[in-house]
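Remarks on the structure that follows.
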Amino acid sequence: MYDAVLAETVTITGHGGEPIEAYSARPMAPGPVGGVVVIHHLPGYDRQTKEFTRSLAVGGYNAVMPNLYHREAPGASPDDAMAAARAKGAIPIPNERIVGDAAGGAAYLRGLPNSNGKAGVIGHCSGGYHAFLAAVSLPLDAAVDCYGGFVVGTPPDGHPLEGIQPLVDRTKDLSCPLLGLFGADDVAPSPQQVAELEQELKAQGKTHEFHSYPGAGHAFLQVDRSAYRPEAAVDAWQHIFNWFGQYLAG
Amino acid sequence: MCTYLTEKLEISGSAKGPSGWIRVSDASVYFDHPVHASGEHTLNIDFLNPPMGPSARVAVELSAESARALAKAIAVVLDSAPPGLA
């Protein structure tokens, strides 16, 4: 079996037509293959999320991760870029800009020579919120929300996200099937919030599949964190590839 | 969860990083996901010199317990300094 993968930093066209840095990982097979936009978590465009991106390529998908903090610190190391964005008051990044950068990622994927024209999105932690945001804002073919907080629920008074509208209210706009992966011990999203989201998906007749793992909390997919739960993570990865296999392959 | 909780302040002093000493004029203090520490949330401090660029940064990521102990130690030392010095 031919299994070569190419991973590299590229430039894509992000929100507002601006060129931004992105990490691209692609199987070298002629295709056609589907593509996945990876949305990184708050700590940034880091080594761990690049590894996550490469894992999707090894699994047979073109994958691209836009650097959401590129504008605040072009060329900086990922952790310095996150710190610079935070110091400049740019975090949280406005939703409009996230959607624009995700759209740029999807356009990049659909334009690759071996693309089958399909594009999905996946993200974890704040990236899970952003994956859901992208899926209710853009025409996509599949989405995976890994424990994204505040899709349901209102941030408390004084919270930096205070005032944002819960994304659950936009469920009717979901453009594609949604896979949700959650830790049963998580508090953001809590099991009650996950249940509320699923109830709304059912009410809107949206194709979805949710898995909540007992004994797992937030960030259970993060291999270098104490939150890592190998049993849940292995099962979750299987569901991720099954989901993309069902809706992005071919 | 991402807390996004950040306090920013102007400071005056110096910090030493891999490239040597730099003047620092700004600090970010936040309790959120770390980059390197193993806890899910840590008290993070960035000492910054923005005109020198994003890499002009000295960073620490501390457990909440460590951060509280550090804050207490700083206050104790400053309060113990001879009158007029601190």
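Numbers below:
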read-out: B:Gly39 vs. criteria out of contact with any helix residue (DSSP H, G or I) (no Cβ under 6 Å at 6 or more places or on another chain), on the phi < 0 side of the Ramachandran plot, within 8 Å of another protein chain (Cβ to nearest Cβ) and not aliphatic (A, V, I, L, M); value: yes
read-out: Candidate set: the range B:1-35, residues that are open to solvent by 50 Å² or more (accessible area, probe 1.4 Å) and among the small types (Gly, Ala, Ser); chosen: the one nearest to the other protein chains (Cβ to nearest Cβ); value: B:Ser19
read-out: Residue in the range A:177-224 that is farthest from B:Thr3 (Cα to Cα), counting only those that are polar (S, T, N, Q) and not in a loop (DSSP other than H, G, I, E, B); value: A:Gln199
read-out: Every pair of residues 6+ apart whose Cβ atoms lie under 6 Å, when the first sits in the range B:27-41 and is within 20 Å of A:Gly217 (Cβ to Cβ) while the second is surrounded by 20 or more Cβ atoms within 10 Å (Cβ to Cβ) and of a type in the set (S, T, N, Q); value: B:Pro34/B:Thr42
read-out: B:Ile74 away from every other protein chain (no Cβ under 12 Å) and either in a loop (DSSP other than H, G, I, E, B) or within 14 Å of the chain's Cα centre (by Cα) (or both); value: yes
read-out: Meets criteria (open to solvent by 20 Å² or more (accessible area, probe 1.4 Å) and free of Cβ contacts under 8 Å to residues at least 60 places away in the same chain) for A:Pro94; value: yes
read-out: Yes/no for A:Val151 being under 18 Å from the mean Cα position of the chain (by Cα), more than 12 Å from chain B (Cβ to nearest Cβ) and either open to solvent by 20 Å² or more (accessible area, probe 1.4 Å) or not polar (S, T, N, Q) (or both); value: no
read-out: Of the criteria (1) free of Cβ contacts under 8 Å to residues at least 40 places away in the same chain; (2) open to solvent by 10 Å² or more (accessible area, probe 1.4 Å); (3) in a helix (DSSP H, G or I), which one A:Tyr2 fails; value: (3)
read-out: Residues satisfying the stated conditions in the range A:194-227, i.e. within 14 Å of chain B (Cβ to nearest Cβ) and open to solvent by 70 Å² or more (accessible area, probe 1.4 Å); value: A:Val223, A:Ser226
read-out: Within the range A:58-82, tally of residues that are more than 7 Å from chain B (Cβ to nearest Cβ), surrounded by fewer than 24 Cβ atoms within 10 Å (Cβ to Cβ) and either of a type in the set (Gly, Ala, Ser) or without any contact (Cβ under 8 Å) to a residue 24 or more places away in the chain (or both); value: 4
read-out: Residue check, A:Ala85 within 14 Å of another protein chain (Cβ to nearest Cβ), aliphatic (A, V, I, L, M) and in contact with a Ser or Thr (Cβ under 9 Å, 6 or more places away or on another chain); value: no
read-out: Residue satisfying all of: in the range A:169-193; more than 14 Å from chain B (Cβ to nearest Cβ) and closer than 25 Å to A:Gln48 by Cα; surrounded by the fewest Cβ atoms within 10 Å (Cβ to Cβ) among these; value: A:Ala184
read-out: Matching residues in the range B:36-56 - criterion: being open to solvent by less than 50 Å² (accessible area, probe 1.4 Å) and farther than 29 Å from A:Gly149 by Cα; value: B:Leu48, B:Asn49, B:Gly53, B:Ala56
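The values are calculated or read from the model by the stated rules, or taken from the named source; none is laboratory data. Since the structure is predicted, the reported quantities are computational estimates derived from the model, not experimental observations. All Cβ positions, even for glycine, are placed from backbone atoms using ideal geometry, and neighbour counts span all protein chains on display. Heavy atoms of the whole protein, side chains included, go into the accessibility calculation; ligands, DNA and RNA do not. Shrake-Rupley method; radii C 1.70, N 1.55, O 1.52, S 1.80 Å.
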